[in-house]
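See below for the structure under consideration.
The values are calculated or read from the model by the stated rules, or taken from the named source; none is laboratory data. In this text, all values refer to a predicted model and were calculated from it rather than measured experimentally. When we count neighbours, we look across all protein chains shown, and the Cβ atoms used for this are built from the backbone with ideal geometry, even at glycine.
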Amino acid sequence: MATKEKKKTMLWLVFAIGAMLFWGIYGPILHEGQIKLGNPLRALLCVGGAYFMLGVLVPVITLQASGGLGSFDSRGVWFATAGGALGAAGAICIIWAFRNGGVPNYVMPIVFGGAPLINVLMTMAMHPPKDKPNPMLYLGYVVVAAGAAMVFYFKPKG
């Protein structure tokens, strides 16, 4: 039984790696689509269509099949909808960054280097830690900034 529980508890890592891979590929693919479509609003429309298909149709079909379309907690709905709006706003910001001359080699390291830092601060604000954060956390912030700077400086030319 312990083996099954351990596999279940580590399954989150598989999905986290999946998100890392999908979102790591997201920027260059979106940028290419935006270039080929000639208008960032066309690219945003395609992103919205994909979000609708994957983010609305799949859960509705799955929830309906399992009988889970019943009652929803109102605060849960608010937070989940706000999270979705923030995700969509982030996609819009990426599209506008590309529209205004940004390229994936620069835009995505800023986004994905900075987002974890903001995530930790927001999570600590929403769920204050019981103990004072380890000073190594702040060193981690410096290391991430240095890493992003190295990615920018040493990125392949072309």
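Overview of results
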{"read-out": "Among (1) farther than 30 Å from residue 150 by Cβ; (2) of a type in the set (A, V, I, L, M); (3) more than 20 Å from the chain's Cα centre (by Cα) - the single one residue 45 does not satisfy", "value": "(3)"}
{"read-out": "Within the range 49-67, tally of residues that are within 17 Å of residue 88 (Cβ to Cβ) and more than 23 Å from the chain's Cα centre (by Cα)", "value": "0"}
{"read-out": "Yes/no for residue 82 being at pLDDT below 95 and assigned to a helix (DSSP H, G or I)", "value": "no"}
{"read-out": "Candidates 95, 118 - the one that is surrounded by 10 or more Cβ atoms within 10 Å (Cβ to Cβ) and assigned to a helix (DSSP H, G or I)", "value": "95"}
{"read-out": "Which listed residue is surrounded by 12 or more Cβ atoms within 10 Å (Cβ to Cβ) and either modelled with pLDDT under 90 or part of a helix (DSSP H, G or I) (or both), from 48, 76, 70, 102", "value": "48"}
